[in-house]
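A.B. asks: Take a look at the following structure, please.
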Amino acid sequence: MLNPIVLLLLPAAYIFASVVALLQFQVLFQLLQVGITKLHSVSALAFAKPVTGVFMDHLVRVFGRPDKFVPQPTHVLLVALILAVVVHLERARR
């Protein structure tokens, strides 16, 4: 049984954790774009250009440009919901 104060603070904690997770995703997405751009400039890795180009194009079509990615409130709430489900399922498993 959870303390009522903890129960009131859990949604805010999940929303905060989801914002942090989405900001981490944004940073990793930008790093991936920079890495693929640098990979395309190395002539020794020319064999990887088609695969990485298609992969990055797909990610840009799904998420938009990495420098323009801004988590919307819907994204934040969906990630918070996923976090809550994962945490509570793990707690129920014990």
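Derivation of every value follows stated rules applied to the coordinates shown; laboratory data play no part. Just so it is clear, the model here is predicted, and its values are computed rather than measured. Methodologically, a virtual Cβ is constructed for each residue, glycine included, from the backbone with ideal geometry; neighbour enumeration extends over all protein chains shown.
A.B. asks: Among 51-64, 15-28, how do they line up by average Cβ neighbours within 10 Å per residue, starting with the highest?
C.D. replies: So the order, starting with the most tightly packed, is 15-28, 51-64.
A.B. asks: Right, something else. In degrees from 0 to 90, rounded to the nearest 10, what is the angle of the helix 73-93 Cα long axis to the longest principal axis of the chain?
C.D. replies: 60
A.B. asks: If you line up the long axis of helix 4-41 against the longest principal axis of the chain, both from Cα atoms, how many degrees apart are they, to the nearest 10?
C.D. replies: Helix 4-41 and the main axis of the chain meet at about 0 degrees.
A.B. asks: Just to check, using Stokes-Einstein with a Kirkwood Rh over alpha carbon pairs, what's the diffusion coefficient of the chain at 20 °C and 1.002 mPa s in µm²/s?
C.D. replies: Translational diffusion coefficient: 135 µm²/s.
A.B. asks: Can you tell me the relative contact order of the chain? Whole percent, Cα pairs under 8 Å, sequence separation 6 or more.
C.D. replies: About 46 percent, as a whole number.
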